[in-house]
Amino acid sequence: MNLFKISLSIVLIIFLLLSFSSTKLNAQVNGYDLKYGISFHGLLPETDFPNDDIRFSYLARALVRYELTKELELEFGAGYGLLAGYDNKQNIWETSLIPIDLRFVVSPFQIDTFSPYVYAGGGILGWSILTSQTVSPAPVSDSGWDPMIPYGVGFEFALSENIILDLSGGYTYTFTDELNGYKGSAESNYHDGYFDAGIGIMFVAGSSESDADNDALLKKEEVAIGTDPDNADSDWDGLNDGEEFITYNTDPLSKDSDRDGLSDHDEVKIYSTNPNKTDTDDDSINDFDEVSKYKTDPLRADSDNDKLTDKEEIELYKTDPLKADTDSDGLTDYFEVTRHYTDPLRDDTDSDGLVDGAEIKIYRTNPLNYDSDGGTVGDKEEVERGTDPNNPIDDKVQKVLEPVILEGLTFPTGKAEVSPESEKALMEVFNKLNENPSIKVELRGYSDNTGRASANLDLSQRRADAVKNWLVNKGIAPSRIKSIGFGEANPIADNRTEQGKRLNRRIEFVQISD
């Protein structure tokens, strides 16, 4: 068995062993910055002489590989070797070799621990004949530098994260016919060459376990994801690739993972929205529109807490999603559109001069009806004149004459009994009512400011009632007399003097007619 066959057998055995075990290695042959190493090759010369009896030929080579792409590498190598054999007369010839070449290495299959490849390139071969007893028919040189073309195949096996075993086999075509010291004729077009089978060890710089850009992702992870292992922020969105991939689960290759118009950085760092969801609060308005167009809260479906979603306010009711009471009428937008059916954009829906909130909360009138009681007088006018806006009976205006103080009518302090000396004054009132059965009167009771206001209000009412009762007992119909107590209100004299207090304790007689 010749040397070439032995070399091929060794390569095949190593190939089978590593193929079997490569699946157990947690390493990669791709994804690096630089490979460098040495290789040793057995050579088989191809010259004018047969190779039946082969002498030991070898080549030691140093090489550096740089990864251009995942599939393409550029290799530079140089070496020293010995090419030897026998001539036709069994004389030994030996030639030293110094190959210097540049190769392209193509790895079409991206396999983590095992990578087959093909290579081809060009270079220059320095050679020098060391031993030769051959008589050449044509003149030959003792040494020279000639172009060469190496090509072949190989396999890489990852032994660890930083060490790769390289097996290769190929052929080197030279542009000389003088490597063995023999040239058939001066016009010969024959070119010497040699086959080789080699084994090498390469070391990896910038391996798949490195993190050159300090983004917390290993190079092998970035290669798998597709990010740039030399750029911490591949999509230039302000978040490094590690944050995007590990922490936020965003797309490190896209500035805006959810395509809502906000960058992942702004969603995470500024607005705290979900960078993987266009509408974080599920209110049917995307996050970008909320923060840039409507200024609403992208984290809350109802920014103003009025129970209407921002979407409903903007598109359905046209209300302000940032203000619970758009028209400032005292009613929230939600209650206006769902309970009272008033216009949330107008504070006075029925244009009666009373805001909707006052109609509902204070006067209990209908905010949708200008005249709640249908009595022909608007709600505001009734409120201002003191009539009941929910009672149509009092809508008819009564003529009220000037009040007359009942002179001579007095009450003891704190009492509501009609004194005997007051009957003269009351008889004048009785006579007038008795003589004019069509007129009606209003008795208004007042007090001074002695004591509590609430007590005085009650006292004034009881005094007015006492006068009414006196007149009713004389025969005047109760329906003709209305008694009202006003307490300390409307004093006609100074309450700081006893005389003023006495004058303020009074009953006013007011004639009213239909």
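Quick notes
- Panel values: the range 399-513, Kirkwood radius from alpha carbon pairs, Stokes-Einstein at 25 °C and 0.890 mPa s, translational diffusion coefficient 174 µm²/s.
- In this label model, Leu299 and Ile92 are separated by 8.6 nm, measuring between points 7 Å along each Cα→Cβ vector.
- Helical runs assigned H by DSSP (4 residues or longer) give the chain a calculated mean residue ellipticity at 222 nm of -4500 deg cm²/dmol, each run adding -39500 (n - 2.57) before division by the residue total.
- Gained length - Phe203 relative to Arg502, 0.36 nm times residue gap less alpha-carbon distance: 95.8 nm
- Long hydrophobic helices in the chain, taken as whole DSSP H segments with a C-alpha length of 15 Å or more on their own axis and mean Kyte-Doolittle hydropathy at least 0.0: 3-21.
- The chain shape via C-alpha gyration tensor axes, a/c threshold 1.5: prolate
- Within straight-line cross-link reach of Lys468, lysines at Cα separation under 20 Å, skipping those fewer than 8 residues along the same chain: Lys415, Lys424, Lys432, Lys440, Lys482
- Virtual spin-label span in nm between Lys70 and Phe104, 7 Å along Cα→Cβ: 2.0 nm
- Interatomic Cα distance distribution for the range 134-190, bins of 10 angstrom, percent: 19, 32, 21, 16, 10, 2
- Candidate cross-link partners of Lys219 among the lysines, defined by an alpha-carbon separation under 30 Å and a same-chain spacing of 8 or more, comprise Lys24, Lys35, Lys70, Lys255, Lys269, Lys277.
- Using the Cβ-Cβ distance between Ala212 and Ser328 with R0 set to 41 Å, the FRET efficiency works out to roughly 0.10.
- The range 79-133 and the range 201-280: distance between their alpha carbon centers, rounded to Å: 45 Å
- For the range 293-399, the mean projected area of the C-alpha convex hull, equal to one quarter of the hull surface, is 6.9 nm².
- Here the Kirkwood formula puts the hydrodynamic radius of the range 26-173 at 16.8 Å, using every distinct Cα pair.
- Residues Tyr58, Tyr173, ranked from the fewest to the most other C-beta atoms within 10 Å, line up as Tyr173, Tyr58.
- Measuring between their Cα centroids, the range 141-169 and the range 488-514 lie 124 Å from each other.
Each reported figure results from applying straightforward, stated rules to the coordinates on display, with no laboratory input. None of these values were measured; they are calculated from a predicted model. Note that we place each Cβ from the backbone using ideal geometry, even for glycine, and neighbour counts take in every protein chain shown.
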